[in-house]
Ligand SMILES: C[S@@+](CC[C@H](N)C(=O)[O-])C[C@H]1O[C@@H](n2cnc3c(N)ncnc32)[C@H](O)[C@@H]1O
């Protein structure tokens with residue numbers, strides 16, 4: 001039965017268990033869980049390290065630790081993830097937004113489009129960040145998952161941008177209308193056979209529809225570049241996130257479908273992460 005315990009001890013014990021389980025960031029995981037329960041900032045965790053947390057909080061923490069030990073990601077346990085400086089609520093139907101995807105947002109922000117279509121919005125992390133960073137942009141954001149769209153709508157409301165984002169339940173471009181300056185997507189891009197080799201945190205807890213990119217992982221790039229021109233203004237752009245080592249294949253798909261000035265952008269880890277192509281250039 002969990003008992004009232006000193007914060008520092010609780011943190012040390014959980015970090016030790018997470019480290020023993022082979023997790024990559026044991027201290028950070030423990031810290032985020034304790035912060036969620038106590039509402040303390042990072043600085044407060046240090047200044048209040050001798051504080052005793054209540055029995056109720058200890059019980060909740062023990063439950064969180066148990067869940068984490070089954071490889072449930074910390075952000076699923078606490079229910080949200082920070083992305084581009086804002087908090088995004090998660091649900092079972094949404095991918096946890098990844099820091100790598102901030103490179104995609106940054107690339108689009110620099111292009112300053114007035115209208116954007118996002119394919120596969122998930123938690124809404126990309127569309128909402130764009131709407132918040134570009135005060136005049138109008139966005140249509142689609143997803144095949146109704147549940148994901150509900151979470152994205154809640155997030156857009158929380159970040160006060162719902163008035164400039166139209167969420168649409170759609171399979172790729174089905175039901176999409178209008179012409180846009182830019183189409184952005186972080187599509188599912190894991191080759192189907194590789195899904196069972198992913199770490200359990202991803203394989204068992206991210207929705208399959210957010211991961212599976214078909215036999216070679218490139219199905220969505222082929223589909224997006226094939227039809228995007230129908231929804232782009234002249235010289236409109238397509239900006240997509242790519243998986244490790246997909247830059248040559250995706251650049252080839254873009255070029256074959258009539259896109260020029262195809263550019264590859266690296267993420268903070270110097271990995272090729274984003275491809276931008278301009279229609280007809
Ligand atoms: C890799 S996740 C990206 C989620 C979010 N944009 C992000 O970057 O965190 C891909 C998203 O595409 C959605 N999706 C999968 N198949 C789709 C389809 N045929 N049409 C539209 N969206 C689809 C998934 O439900 C998922 O939300």
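Details
- Ranked 27, 247, criterion: other C-beta atoms within 10 Å, fewest first: 27, 247
- Mean-square fluctuations from a GNM of the chain, with a 10 angstrom spring cutoff on Cα atoms, peak among 183, 139, 77 at 77.
- Taking only the C-alpha atoms of the chain, the Rg (one decimal) and the largest Cα-Cα distance, Dmax (whole number), read 20.6, 66 Å.
- For the chain, built as a Gaussian network whose Cα springs stay under 10 Å, the top-fluctuating residue of 54, 251, 185: 54
- Theoretical FRET efficiency, 1/(1+(r/R0)^6), r = Cβ-Cβ of residue 59 and residue 154, R0 35 Å, to 0.05: 0.80
- By other beta-carbon atoms within 10 Å, ranking 221, 259 with the fewest at the front produces 259, 221.
- Computed E for residue 261/residue 71 - FRET, C-beta separation, R0 30 angstrom, nearest 0.05: 0.10
- For the pair the range 215-242 and the range 73-151, the centres of their Cα atoms are 18 angstrom apart.
- Residue 197-residue 147 pseudo-label distance in nm [points 7 Å out on the Cα-to-Cβ vector]: 2.8
- With the simple model of a label 7 Å out from the Cα in the direction of the Cβ, residue 268 to residue 252 spans 3.3 nm.
- 10 °C / 1.306 mPa s Stokes-Einstein diffusion coefficient of the range 142-196, Kirkwood radius on C-alpha pairs, µm²/s: 120
- Degrees between helix 146-158 axis and first principal axis of the chain (Cα, 0 to 90, nearest 10): 80
- Nearest-ten-degree value, helix 26-38 long axis tilted from longest Cα axis of the chain: 80
- For the chain, built as a Gaussian network whose Cα springs stay under 10 Å, the top-fluctuating residue of 258, 79, 22: 22
- In terms of surrounding Cβ atoms within a 10 Å radius of their Cβ, 137, 65 rank from fewest to most as 65, 137.
- Crossing angle, helix 55-69 versus the chain [Cα axis fit, 0-90 degrees, rounded to tens]: 50
- Per the Debye calculation on the range 131-281 with a single equal scatterer at every Cα and no solvent contribution, log₁₀ I(q)/I(0) for q = 0.16, 0.18, 0.21 Å⁻¹ amounts to -1.01, -1.25, -1.47.
Values quoted throughout were computed directly from the atomic coordinates according to the rules given, and no laboratory measurement underlies them. Note that the structure is a prediction, hence the values are computed from the model and not measured. FYI the Cβ positions are ideal-geometry reconstructions off the backbone, even for glycines, and counts take in every protein chain you see.
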